[in-house]
Amino acid sequence: MVRKPGLHLGAGIVILGVMATGFIGSSIGLDQTEKFRVQSESAQGLDVLADHFPPGESQPIWIVAEDQSVA
């Protein structure tokens with residue numbers, strides 16, 4: 001029997017918390033291009049974007065302009 005169960009429980013939680021920090025930033029599952037069963041133009045486009053731009057730079061861009069200057 002443990003004399004101070006709260007101390008042991010707290011130490012266990014702290015140890016599990018430290019061990020769980022290894023999961024921060026890890027991705028579980030398939031990559032974006034691995035979700036396609038067959039070769040597709042979308043997967044090839046994602047590969048080209050990944051080769052030339054850092055992660056997050058290929059997100060959609062909103063361009064706001066006046067209607068008269070777009071013509």
Hey, what angle do you get for helix 41-52 against the long axis of the chain, alpha-carbon based, 0 to 90 degrees rounded to 10?
-> 80 degrees
Taking the Cα centre of region 1-60 as origin, work out the dipole magnitude from +1 charges on Lys and Arg Cβ and -1 charges on Asp and Glu Cβ, in debye rounded to 20.
-> 740 debye
How far apart, in nm, are the 7 Å Cα→Cβ label points at Q44 and L30?
-> 1.9 nm
Using only Cα atoms, find the angle between the long axis of helix 5-20 and the longest principal axis of the chain, and express it within 0 to 90 degrees, rounded to the nearest 10.
-> 30 degrees
Just from its helices, what would the mean residue ellipticity at 222 nm be for the chain, if runs of 4 or more DSSP H residues each count -39500 (n - 2.57) and the sum is divided by every residue, rounded to the nearest 500 deg cm²/dmol?
-> -13500 deg cm²/dmol
Least to most buried among S40, S27, by other C-beta atoms within 10 Å and fewest first, runs S27, S40
Under 9 Å from the Cβ of A43, count the other residues' Cβ atoms, weight Lys and Arg +1, Asp and Glu -1, and hand me the total.
-> -2
Quick one, which of [x] 14.2; [y] 17.8; [z] 14.6 is the actual Kirkwood radius over Cα pairs in Å calculated for this model?
-> [y]
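Every number here is computed from the coordinates shown, using simple stated rules; none is lab data. Remember, predicted model here, so these are calculated numbers, not experimental data. Using ideal geometry, Cβ is built from the backbone for each residue, glycine included, and neighbour counts are taken over all protein chains shown.
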